[in-house]
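The values are calculated or read from the model by the stated rules, or taken from the named source; none is laboratory data. Just so it is clear, the model here is predicted, and its values are computed rather than measured. Cβ: placed from backbone, ideal geometry, glycine included. Neighbour counts: every protein chain shown. Protein only, heavy atoms only, side chains kept; ligands, DNA and RNA dropped before computing areas. Shrake-Rupley method; radii C 1.70, N 1.55, O 1.52, S 1.80 Å.
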Amino acid sequence: ENMPGGGAMRPGDVIRGGSGRTVEVINTDAEGRLLLGDGIWYAGALGATHVVDIATLTGACMVGLGRATAGVFGRPDEWRDRVIGAADRSGEPCWPMPLVDDEREQLKSDIADTTNSGGRYGGAMTAALFVGEFAGGRPWAHIDVAGPAWAGEAKPYLPKGPTGFGVRTLVELALAMRG
C-alpha cells in the first residue's frame, strides 16, 4: 500500500472516473494512469478530435526499448504512425508498439468496469489499453517516455537530468496538422 494519508487509495478500492467508468484499483503504483484516463476523457468532452498523451507510464516499456527510445501506442494505426513520423522529423526516437485486444483480458474485474493494471506480461501494452479506453473512439496515441524522460549521463547534445522528451514531437505534429 502507498498510504500517505487516511484517504489514500488501497488495493481493492473501486473508483469512478469523470467518464463514469469504474476502476478496481489492484496496483496503487499505477495511479498515474487513472489521472491520464480522466484527462483524455476530459479532452474529448472539451471537443478534442485527436489526442496524444505523453507519460512515464511503465518501466516495462523501458525494459523492451531501452533508455533512449519511447514506445508509441495508438489507434488507428494511421494516427499512431503520423505521431511517429513527427517524432522522426523532430529527432526523438520512437518505436511503434502493438495493441492486442486479447490482452484486455488482463484488465477484467469482477466488481468494476476494469482494473487499473494487468498482469506481469505485456505491462506496457495493458497500461496503454487501459488509457486508450478513455479516448472514446477518437484518434489517440500514447507516447511512453519512461526511458528517454531522464538522461542518466550528459551527452554532447543533452545535459544529465530531465530531457523534455516529446515536446519537439508535439510541436512538429502541431505544425504538420496546421498546414
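The accessible surface of region 1-98, taken with every protein chain in place and a 1.4 Å probe, is 54 percent carbon and sulfur.
Let me check I've understood the local charge: for Arg138, count other residues with C-beta under 15 angstrom from its C-beta, Lys and Arg +1, Asp and Glu -1. What total comes out? Charge balance in the 15 Å sphere: -1.
Mind running the shape call on region 107-179? Use the C-alpha gyration tensor, a ≥ b ≥ c as the square roots of the eigenvalues: rounded below 1.5 for a/c, prolate if a/b tops b/c, oblate otherwise. Verdict is oblate for region 107-179. Most simply put, the chain has about 50% antiparallel DSSP beta bridges, counting only bridges with both residues inside it.
Here the peptides 27-36, 85-94 are ranked by packing, the mean other Cβ count within 10 Å, and the order with the highest first is 85-94, 27-36. For the peptides 138-144, 77-83, the ranking by packing is 138-144, 77-83, with the highest mean count of neighbouring Cβ atoms within 10 Å listed first. Ranking Lys155, Lys108 by solvent-accessible area of protein heavy atoms (1.4 Å probe, all protein chains present), from largest to smallest, gives Lys108, Lys155. Here the Kirkwood formula puts the hydrodynamic radius of region 76-126 at 12.9 Å, using every distinct Cα pair. When a/c reaches 1.5 or more, the comparison of a/b and b/c decides; with that in mind, is region 1-74 rounded, prolate or oblate per its Cα gyration tensor? Oblate, because a/c is 1.5 or more while a/b does not exceed b/c.
Neighbours of His50 by Cβ distance under 10 Å: Lys/Arg scored +1, Asp/Glu scored -1, total +2. Each peptide in 58-71, 40-53 receives the mean, over its residues, of other Cβ atoms within 10 Å, and ordering these scores from highest gives 58-71, 40-53.
Count Lys and Arg as plus one, Asp and Glu as minus one, and take only other residues whose Cβ is under 13 Å from that of Gly161; the net charge is then +1. Pull out a ≥ b ≥ c, the square roots of the eigenvalues of the alpha-carbon gyration tensor of region 31-155, then state rounded if a/c is under 1.5, prolate if not and a/b is larger than b/c, and oblate in the remaining case. Oblate is the answer for region 31-155, as a/c is 1.5 or above yet b/c matches or exceeds a/b.
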